[in-house]
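The values are calculated or read from the model by the stated rules, or taken from the named source; none is laboratory data. Being a predicted model, the structure only gives us computed values, none of them experimental. Positions of Cβ are backbone-derived with ideal geometry, glycine not excepted, and every protein chain shown enters the neighbour counts.
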Amino acid sequence: MTNSATDRVEPAQPKILVLGATGATGRLIVSQAVARGYDVTVLVRSAEKASDLQGTKVIVGDARDEIVLRQAMKGKDAVLSALGTPASPFREVTLLSTATRSLVSAMQAEQVSRLVCITGIGAGDSAGHGGFLFDNLIFPLLLRKVYADKNRQEAIIRGSRLDWVLVRPSILNNKPSREIHALTDLSHFHGGTISRANVASFVLDQARDDIWVHRSPLITW
């Protein structure tokens, strides 16, 4: 007779690739993943900026390079993307969509199916739900071109064969974590904030949970 309590095999911790790991939210994704015992690889443009990302395997390269992406994600269970781009009031933005197109192609080639990607409030059908200041000043004056590229990024992911989750945080802050809400019905939602620590935790949960696969939750306090 076997003892089910002692013979139970715990699932292996996921092996993940993190993009955007040196950004404010990306760093929290990495530190929380290491604390959970995840096997973490990061793809960065600068080894110097990643020198403090302890407990990770660091690969230096361009996230738009499909060959580099394929090498970085070999044997991984999931890719978590926290790629961002600065506000660009005048210049067109293409980084996010270009990198995502290469990423999707690389994931399909390497048979890595789970992609968790942070976009933001203002993308897709969350446009117009950021509150008065964001919707009427910040978005049209500073972020319109960034979010046009985020929309292209989301469309590429939705059109893929991947098990994707698009995470749309409300306005980010650096406060401690607290209870969050994940919403898909935004009919009564206008404005909101959430900590980067909460976003990192939610994104990491999606590396192995299936509840939000093929959905685009807006997460907020």
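Some points to look at:
- Contact map, the stretch 58-82: residues that are without any contact (Cβ under 8 Å) to a residue 60 or more places away in the chain and under 18 Å from Trp164 (Cα atoms) paired with residues that are in a helix (DSSP H, G or I) and among the β-branched types (Val, Ile, Thr), Cβ distance under 8 Å, separation 6+ or inter-chain. No pairs are found.
- Within the stretch 57-75, the residues that satisfy the criterion of being surrounded by fewer than 20 Cβ atoms within 10 Å (Cβ to Cβ) and either more than 30 Å from Phe139 (Cα to Cα) or touching a Lys or Arg at 6+ places or on another chain (Cβ under 6 Å) (or both) are Lys57, Val58, Ile59, Val60, Gly61, Glu66, Ile67, Val68, Arg70, Gln71, Lys74, Gly75.
- Residues in the stretch 32-56 that are buried (at least 19 other Cβ atoms within 10 Å of the Cβ) and assigned to a helix (DSSP H, G or I): Ala33 only.
- Those strands (runs of 3 or more DSSP E) lying entirely in the stretch 110-221 with at least 3 residues touching a residue at least 24 places away in the same chain (Cβ under 8 Å) and under 21 Å from Lys15 (Cα atoms): 114-118, 163-169
- The test for being surrounded by 14 or more Cβ atoms within 10 Å (Cβ to Cβ), at positive phi and modelled with pLDDT of 95 or more holds for Gly120.
- Among the residues of the stretch 196-221, the one identified as touching a helix residue (DSSP H, G or I) at 6+ places or on another chain (Cβ under 6 Å) and of a type in the set (D, E, K, R) is Arg196.
- Taking the criterion of being small (Gly, Ala, Ser), closer than 12 Å to Thr119 by Cα and out of contact with any strand residue (DSSP E or B) (no Cβ under 6 Å at 6 or more places or on another chain), the residues of the stretch 80-106 that qualify are Gly84, Ser97.
- Residue pairs whose Cβ atoms lie under 9 Å apart, separated by 6 or more positions or on different chains, with the first residue in the stretch 25-49 and on the phi > 0 side of the Ramachandran plot and the second outside any strand (DSSP E or B), are Gly37/Gln13.
- When we screen Leu17, Leu69, Leu28 for residues that are in a strand (DSSP E or B), modelled with pLDDT of 95 or more and within 17 Å of the chain's Cα centre (by Cα), the only hit is Leu17.
- In the stretch 76-96, the count of residues that are surrounded by fewer than 20 Cβ atoms within 10 Å (Cβ to Cβ) and part of a helix (DSSP H, G or I) is one or more.
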